[in-house]
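Working notes, structure below.
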Amino acid sequence: MGQRRRDPVEANADGSADLYEIANWEPRSTLDRFVHWLYHVGLWALRWLVIIAALAILLLQLLFGSLGALGNQPLFAGMALLSAVPALGLAAYIWYADVTTSEPLTLLVGTFLLGVLFAGFAGLLNAFLGYPVQAIGSGFGLVPFLGQVFFFFLIVGPVEESVKLLAVRLYAFRDDRFDAVVDGAVYGAAAGLGFATIENALYITQNTEMVTGTLNVLAEGGDITAVRALAGPGHVIYSAFAGYYLGLAKFNPDDAGPIVLKGLLIAALIHAVYNTLAGPVTTVLATLYDVNFLVAFFGFVIVYDSIFGLLLLRKLDAYRKAYKRAHAPSESSGQRPERTEFDP
């Protein structure tokens, strides 16, 4: 971590002179304290404005959108929860793999809920920007698939990964208990789980809200639930990558911007490639091996998520090994190192 840059006057001062508002500053006067208070209140208000806006979008979806079906048909809610189980399992494993102190439940739940809320922002941006990007990318209908590729790489991947990372940045990141690089992956996974949960609920209700009768709901919703259950872990993987780099940025503030951007770029690319390949590859596999579409999709997801899931776990394992080396007893002294903030 680099040192704070100092003005030449302050850098060469012997400390005998007061350099307030000459080369340094601190809140002293009434005006100083007021602007200091105003700045922090403004940040606090902005954070809550974002949360309230996200909550308003969710309420509108519950009252007037397809999510309202969750209250009318309890089976929808059950299927939505069931579809989130694989993503929950992966997020739990990432939490378990954290070699430092266990993350507090309040931060995990808060990040999960923000992941749920901020999904509404992604939905609006995807809908608002999707048509023009797909139209231009496809050559105004000449190559529809190319339009989808543009949409996935320029809108869906960057937008969805950004709102999930915002869920971490707005709450857990600012807490002192976010005290290790690897914590970013844990909270990123929690945000991804929240996003996947509400996205699954939307897909299930949008595709089955007109269906009546328990058996019909189960028949129509079963396949969708299975598909969404397979898609959910991807969100956890993508946002865990982005979250890890957010954690790295917290402890390298001089290069925080590029580090965060790198994490977002990695997550968005993995996400966009998945969206681009899922349909065509599944169709090819189903045709080539004469199997059900769901079976082919299952095979594709297992391979794709395994590749990037293993890369993520490899990164977490590298941190775990470095952490254990840093906390190993000194061979020369034969003494155990002092306990750190990470030790229980």
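Laboratory data are not the source of any read-out in this text; all were calculated from the coordinates shown. The model shown is predicted, which means the values in this text are computed figures rather than measured ones. Cβ atoms come from the backbone with ideal geometry, glycine included; neighbour counts cover every protein chain shown.
Where does each of Asp183, Asp176 land when they are ranked from fewest to most other beta-carbon atoms within 10 angstrom?
Asp176, Asp183
Taking a ≥ b ≥ c as the square roots of the Cα gyration tensor eigenvalues, with a/c under 1.5 meaning rounded and otherwise prolate when a/b beats b/c, else oblate, which class fits region 25-64?
Judged from the Cα gyration tensor, region 25-64 comes out prolate (a/c at least 1.5, a/b above b/c).
If you place +1 on the Cβ of every Lys and Arg, -1 on the Cβ of every Asp and Glu, and leave all else neutral, what size is the dipole of the chain about its Cα centre, to the nearest 20 Debye?
Charge dipole of the chain: 260 debye, to the nearest 20.
Relative to the longest principal axis of the chain, what angle (0 to 90°, nearest 10) does the C-alpha long axis of helix 74-83 take?
Taking the Cα atoms of the chain, the angle to 74-83 is about 60 degrees.
Can you tell me which of 19-31, 129-141, 84-96 comes out highest on packing, and rank the rest after it, using the mean Cβ neighbours within 10 Å?
Put in order of decreasing packing, that is 84-96, 129-141, 19-31.
Taking the square root of 5 times each eigenvalue of the Cα gyration tensor, what semi-axes in Å does the equivalent ellipsoid of region 227-282 have, largest first?
So the three semi-axes of region 227-282 are 28, 12, 4 Å.
Tell me whether the chain comes out rounded, prolate or oblate; compute the Cα gyration tensor, take square roots of the eigenvalues as a ≥ b ≥ c, and use a/c under 1.5 as the rounded threshold.
prolate
May I ask you to order 239-249, 270-280 by the average number of other C-beta atoms within 10 Å around their residues, highest value first?
239-249, 270-280
Of Ala226, Ala191, Val41, which is farthest towards the positive pole of the chain's charge dipole, taken about the Cα centre with +1 and -1 on the beta-carbons of Lys, Arg and Asp, Glu respectively?
Of Ala226, Ala191, Val41, it is Ala226.
Can you tell me the orientation of helix 85-96 relative to the chain, as the angle in degrees between its alpha-carbon axis and the longest Cα principal axis, to the nearest 10?
20 degrees
Rounding to the nearest 10 and keeping the result within 0 to 90°, find how far the Cα-based axis of helix 105-137 lies from the longest principal axis of the chain.
For 105-137 against the chain, the angle is about 60 degrees.
Among 6-16, 302-312, how do they line up by average Cβ neighbours within 10 Å per residue, starting with the highest?
302-312, 6-16
In the chain, how many lysine pairs have Cα atoms under 19 Å apart, counting only pairs 8 or more places apart or on different chains?
The number of close lysine pairs in the chain is 6.
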